[in-house]
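**Student:** Before anything else, here's the structure in question.
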Amino acid sequence: MPLFNPHDLRNLLQSDQRVLGLDPGSKTIGVALTDVTLILASPLIGLKRRKLSENAQELAKIVRTQDVGALVVGLPLSLDGSFGPAARAASDWTQALSEKLGIPAGLWDERLSSSAVNRFLIKDADMTRGRRAEVVDKMAAAYMLQGWLDSSRPESPEIF
């Protein structure tokens, strides 16, 4: 399946379908889910990174039970915005996962999402390092997915 740009991906969704956001790290895949109105992204779980086929089976259960119509996967661009080896690996992984799950996918810039979430958890939530490790991946996925939601939201006509 091809990878879609944000607006085209949103247009492929049927009414009341959700979007699954994934932040694939080397050890954990952060997973987030939208509401059916595509307004809010919420952290869901952190999955241990395994072989693609094993992770696909775990994610397929979520896709079925939550009526997920698309994936948005974090794209780890370099800080200067270039498409390096990590971004190529994420793109290839997303393509393969999309095909295994049978749903369309898009990539979204996730630069500094984990850093932003960690800063929040330290400063505003006053969370310990151990507790942060448990939640940072799924919160980074939600942060990235919320950015996609906000960016791809259809413009509503202004009413005066």
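The values are calculated or read from the model by the stated rules, or taken from the named source; none is laboratory data. The model shown is predicted, which means the values in this text are computed figures rather than measured ones. Note that each Cβ is placed from the backbone with ideal geometry, even for glycine, and that neighbours are counted across all protein chains shown. Note: accessible area is taken over every heavy atom of the protein model, side chains too, but ligands, DNA and RNA are not part of it. Shrake-Rupley method; radii C 1.70, N 1.55, O 1.52, S 1.80 Å.
**Student:** Quick check on packing: order 33-43, 49-59, 78-88 by the mean number of other C-beta atoms within 10 Å, highest mean leading.
**Tutor:** 33-43, 49-59, 78-88
**Student:** Here's a follow-up. Assign one of three labels to segment 35-89, namely rounded, prolate or oblate, based on the Cα gyration tensor with a ≥ b ≥ c the square roots of its eigenvalues; rounded applies when a/c is under 1.5, prolate when it is not and a/b is larger than b/c, and oblate otherwise.
**Tutor:** Verdict is oblate for segment 35-89.
**Student:** Rolling a 1.4 Å sphere over the protein heavy atoms, what is the accessible area per residue of segment 15-110, to the nearest Å²?
**Tutor:** Value for segment 15-110: 47 Å² per residue.
**Student:** Hey, another quick one. Out of 60, 4, 14, whose Cα points farthest toward the positive end of the dipole of segment 1-95 (charges: +1 Lys, Arg; -1 Asp, Glu; placed on Cβ)?
**Tutor:** 60
**Student:** List the residues, sorted by chain then number, that are 5 or more residues from residue 4 or on another chain and whose placed amide H is less than 5 Å from its amide H.
**Tutor:** Placed amide hydrogens put 105, 106, 107 under 5 Å from residue 4.
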